[in-house]
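A.B. asks: The structure's right below; bear with me while I get my questions together.
The values are calculated or read from the model by the stated rules, or taken from the named source; none is laboratory data. Just so it is clear, the structure is predicted and the values come from calculations on it, not from any experiment. Reconstructed Cβ throughout: ideal geometry from the backbone, glycine too, with neighbour counts over all protein chains shown.
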């Protein structure tokens, strides 16, 4: 049903799989935050989220909503703003993760240790640095490199251009 929706509206199978996955991530996050309310069948709810996500993609591509073809019943989701926010947060996470994964192993490990709230002394010991100062400097350089890569990421630039 999602594949048909996307394929009928200027998308392909890959786009459909991506939208389907995004919808489940959104639903999962809503459940985790105890903000998931079902006032229709799950199928209709899932379709509605996928529909909103795909409409958002088409909007980015400057394709008019009037050309949109629905193949299923859908509802207006009461917490549609939350769904849009979840989509943006997931999109931002993907940008972060893609650029984090591009870092060399040492930088990834330092940043992971830092995010686990380890002291610079502990990080220095684990990483084999002479002292805390060296660990602090290396973490700073790795963080700057990550930020630079994110700011040069095409998806990030498009997100900024869209004001999100």
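A.B. asks: Which one of the conditions (1) part of a helix (DSSP H, G or I); (2) over 30 Å from residue 37 (Cβ atoms) does residue 117 fail to meet, given that it meets all the rest?
C.D. replies: Status for residue 117: all satisfied but (1).
A.B. asks: Quick one: would you say residue 117 is within 19 Å of the chain's Cα centre (by Cα) and loosely packed, with under 14 Cβ neighbours inside 10 Å?
C.D. replies: Spelling it out, it is not the case that residue 117 is within 19 Å of the chain's Cα centre (by Cα) and loosely packed, with under 14 Cβ neighbours inside 10 Å.
A.B. asks: Hey, any hits in the range 132-149 for a residue that's surrounded by fewer than 12 Cβ atoms within 10 Å (Cβ to Cβ) and not in a helix (DSSP H, G or I)?
C.D. replies: No; the residues of the range 132-149 include none that is surrounded by fewer than 12 Cβ atoms within 10 Å (Cβ to Cβ) and not in a helix (DSSP H, G or I).
A.B. asks: Oh, and also: Since residue 89 meets every condition but one in (1) surrounded by 11 or more Cβ atoms within 10 Å (Cβ to Cβ); (2) assigned to a helix (DSSP H, G or I); (3) modelled with pLDDT under 85; (4) more than 20 Å from the chain's Cα centre (by Cα), which condition does it not meet?
C.D. replies: Single failed check for residue 89: (4).
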